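Shown next, in structure tokens, is the structure this report addresses.
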Amino acid sequence: MMRLDRHQIKALLTSVANTCEEEITCGECLTGMAEFAEKQLVGSEISTALKRIEAHIAFCPECAEEYEVLLDVVSNAAAETID
């Protein structure tokens, strides 16, 4: 039987606590990620559908990484447009 250490137990409990009734898949998250990033960058209100993307990004390290890359690309593109 595998024993979990304190860090693993905390991570597991955090994951369980952060689940929602209507979870989305990584594919669904990636589909709406550009819209979510755009709304975040300009400070627009986020719809309920986009809040599920926000929740998924907070829970899924792979999608969080994709989101960070997307933010960098969009931010750099915006900076180049201003120059």
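The values are calculated or read from the model by the stated rules, or taken from the named source; none is laboratory data. Owing to the predicted nature of the structure, the values given are computational and were not obtained by experimental measurement. For neighbour counting, all protein chains shown are included, and Cβ atoms are generated from backbone atoms with ideal geometry for every residue, glycine included.
Results, tabulated for the structure shown:
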quantity	calculated
Every residue from the range 59-79 that is within 9 Å of the chain's Cα centre (by Cα) and exposed (fewer than 11 other Cβ atoms within 10 Å of the Cβ)	PRO61
Filtered residue count, the range 34-83, keeping only those that are modelled with pLDDT of 85 or more, more than 30 Å from ALA11 (Cβ to Cβ) and of a type in the set (Ser, Thr, Tyr)	1
